[in-house]
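Remarks on the structure that follows.
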Amino acid sequence: MNEPTVYKNYFEKYTALVPEKEIISALANQLKILNDFFKSVSEEKAEYAYAEGKWTLREMLQHLIDTERIFGFRALSIARKETATLNGFDENSYAANSSANKRTWAELVNEMKIVRESTTLLFRSFTDEMLNTVGNFSAATATVNTIGSIIVGHFYHHLNIANQRYLN
């Protein structure tokens, strides 16, 4: 079994939220949760930010899309034996430059579903050897499998924030 075991402590807050140890199961099991969350948000609610300077739900969803793409790229790069340390990214700059609030919730939901399908296909393509390959990104070291757990846990992290601060 490929357990997420190598990561910078910062990412443990995400991997700790993932109940499954096998990444394909984690991605598959999260689909219903993703869909339930998407259905719980109206177009009007998607415009909501719980405080001045905080993201709207649209911006949060765009952040999830962007982050999943970036971590998918990191997983692919490491699985293919990239030796360079992969760059980090400034999530607030990405959000500020995303134009997410000019898009509909439905557009963003559709994009997220396609990105998640692509992520799932990517991780299904990895062999056990690839899943256990260790690489470096953003001053962290992790296996490909751990990156998958970060992706899944990152969604849970933001779902918790959405439930506590946006949808209560």
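The values are calculated or read from the model by the stated rules, or taken from the named source; none is laboratory data. The model shown is predicted, which means the values in this text are computed figures rather than measured ones. Counting neighbours? That spans all protein chains shown, and the Cβs are built from the backbone with ideal geometry, glycine included.
Quick notes on this one:
- Tally of residues being closer than 18 Å to Glu117 by Cα and without any contact (Cβ under 8 Å) to a residue 40 or more places away in the chain across the range 21-34: 4
- Restricting the range 38-63 to residues that are of a type outside the set (A, V, I, L, M, F, W, C) and assigned to a helix (DSSP H, G or I), the residue that is surrounded by the most Cβ atoms within 10 Å (Cβ to Cβ) is Arg58.
- Looking across the range 85-119 at every residue that is in contact with a Gly (Cβ under 9 Å, 6 or more places away or on another chain) and of a type outside the set (S, T, N, Q), the one that is farthest from Val134 (Cα to Cα) is identified as Val115.
- Looking only at the range 120-168, and only at residues there that are outside any helix (DSSP H, G or I) and hydrophobic (A, V, I, L, M, F, W, C), the one that is surrounded by the most Cβ atoms within 10 Å (Cβ to Cβ): Ala142
- Filter result for Ala16 (within 16 Å of His157 (Cβ to Cβ), touching an Asp or Glu at 6+ places or on another chain (Cβ under 9 Å) and touching a residue at least 40 places away in the same chain (Cβ under 8 Å)): no
- Counted residues, the range 68-83 - those being surrounded by fewer than 20 Cβ atoms within 10 Å (Cβ to Cβ), more than 9 Å from the chain's Cα centre (by Cα) and on the phi < 0 side of the Ramachandran plot: 6
- Condition check for Asn97: over 23 Å from Gln30 (Cβ atoms), at pLDDT 95 or above and touching an Asp or Glu at 6+ places or on another chain (Cβ under 8 Å): no
- Options Ser125, Ser99, Ser118; residue that is of a type in the set (Gly, Ala, Ser), free of Cβ contacts under 8 Å to residues at least 12 places away in the same chain and closer than 19 Å to Ile151 by Cα: Ser125
- Any chance Ile114 is surrounded by 15 or more Cβ atoms within 10 Å (Cβ to Cβ), at pLDDT 95 or above, under 26 Å from Pro19 (Cα atoms) and not acidic (Asp, Glu): no
- Residues considered: Ile33, Ile24. Of these, the only one that is at pLDDT 95 or above, β-branched (Val, Ile, Thr), under 22 Å from Glu129 (Cα atoms) and not in a loop (DSSP other than H, G, I, E, B) is Ile24.
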